[in-house]
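The values are calculated or read from the model by the stated rules, or taken from the named source; none is laboratory data. Computed from a predicted structure; not experimentally measured. Every residue, glycine among them, receives a Cβ derived from its backbone with ideal geometry; neighbour counts consider all protein chains shown. Ligands, DNA and RNA are stripped out before the accessible areas are found, and what is left, the full protein with its side chains, is counted by its heavy atoms. Shrake-Rupley method; radii C 1.70, N 1.55, O 1.52, S 1.80 Å.
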Amino acid sequence: MPTLSNPHQFIIGFILIAIMAITRGHHFASLSHLPSATLALFFLAGLYLSGKWMFGVLLAEAVALDYLAITFGGVSSFCVSPAYALLLPAYGTLYLAGRWYKQHYQFKWTSLFSLSACLIIATAISKVFSSGGFYVFSGRFAEPTLIEFSQRFIKYYPTSLANLAFYIAIAIICHLLVVSLNRTAVKQSGHQS
């Protein structure tokens, strides 16, 4: 995938920040309780933005939104524990998956297979860090076992994957639209020359 210009990267970065603010955990302004776009946003940041700065910005935003929601929004602090630190590798997994896919991207329908495999694997690894970390290190479960975590993983992983797929599908539609409009504009300018 070609590197986008700085203005385009700035616009995409701003959109990603806004979407997280709107969807993260129903804290504030979630539109009719959209599912959290957080995992998808980290993947898309890795895919579209060339600098690593956006990973830090999105991570800081997620922490700030959680802090504000707990402190001022009446949201329970149940999920805040020593395991909260494992969100760093959980989100980092999706970000790195986006970077990996950027190197393997081709504008072909067949690339949807590698995208799907990438997202399935990255989401599973991310879920092990976030949910597994919470299960083992939060202190909320008396005697954590691999069997119980496996059952919880099987129960919650499909929802995480579905939420991510929802936002990635929207991103694919937007991507196809922009590429098609760009190609049309190039053809039209070629005919006018």
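Within the stretch 118-125, identify whether any single residue is surrounded by fewer than 14 Cβ atoms within 10 Å (Cβ to Cβ), of a type outside the set (D, E, K, R) and farther than 28 Å from Ser180 by Cβ, and answer yes or no. Yes, the conditions are met somewhere in the stretch 118-125. Among the residues in the stretch 70-86, are any at pLDDT 90 or above and in contact with a Phe, Trp or Tyr (Cβ under 7 Å, 6 or more places away or on another chain)? Yes - at least one qualifying residue is present in the stretch 70-86. Among residues of the stretch 58-114 being in contact with a Cys (Cβ under 7 Å, 6 or more places away or on another chain) and of a type in the set (A, V, I, L, M, F, W, C), the one that is most open to solvent (accessible area, probe 1.4 Å) is Trp100.
Please indicate, with yes or no, whether at least one residue in the stretch 11-23 is assigned to a helix (DSSP H, G or I), small (Gly, Ala, Ser) and open to solvent by 30 Å² or more (accessible area, probe 1.4 Å).
Of the stretch 11-23, the ones assigned to a helix (DSSP H, G or I) are 11-23.
Filter again for small (Gly, Ala, Ser), leaving 13, 18, 21.
Right, trim to open to solvent by 30 Å² or more (accessible area, probe 1.4 Å) and you get 18, 21.
The answer is yes, given that some residue of the stretch 11-23 is assigned to a helix (DSSP H, G or I), small (Gly, Ala, Ser) and open to solvent by 30 Å² or more (accessible area, probe 1.4 Å).
Looking at Ser130, Ser77, Ser116, just one residue is part of a loop (DSSP other than H, G, I, E, B) and among the small types (Gly, Ala, Ser), and that residue is Ser77.
Of all residues in the stretch 43-65, those being touching a residue at least 60 places away in the same chain (Cβ under 8 Å) and more than 20 Å from Ala122 (Cα to Cα) number 0.
Each row is one residue, and each column tells you yes or no for (1) farther than 19 Å from Thr38 by Cβ; (2) in contact (Cβ under 8 Å) with a residue 60 or more places away in the chain.
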{"residue": "Tyr84", "(1), (2)": "no, no"}
{"residue": "Ser114", "(1), (2)": "yes, no"}
{"residue": "Ala122", "(1), (2)": "no, yes"}
{"residue": "Ser131", "(1), (2)": "no, no"}
{"residue": "Phe134", "(1), (2)": "no, no"}
{"residue": "Leu146", "(1), (2)": "yes, no"}
{"residue": "Ser180", "(1), (2)": "yes, no"}
{"residue": "Lys187", "(1), (2)": "yes, no"}
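Here's the yes/no breakdown for (1) at pLDDT below 90; (2) exposed (fewer than 14 other Cβ atoms within 10 Å of the Cβ); (3) under 23 Å from the mean Cα position of the chain (by Cα):
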position: Lys127; (1), (2), (3): no, no, yes
position: Ser130; (1), (2), (3): no, no, yes
position: Lys155; (1), (2), (3): no, yes, yes
position: Thr159; (1), (2), (3): no, yes, yes
position: Ser180; (1), (2), (3): yes, yes, no
position: Arg183; (1), (2), (3): yes, yes, no
position: Gln188; (1), (2), (3): yes, yes, no
position: Ser193; (1), (2), (3): yes, yes, no
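Report, by residue number, each residue of the stretch 131-169 that is in contact with a Leu (Cβ under 6 Å, 6 or more places away or on another chain) and of a type outside the set (A, V, I, L, M, F, W, C). Of everything in the stretch 131-169, just one residue is in contact with a Leu (Cβ under 6 Å, 6 or more places away or on another chain) and of a type outside the set (A, V, I, L, M, F, W, C), namely Gly133.
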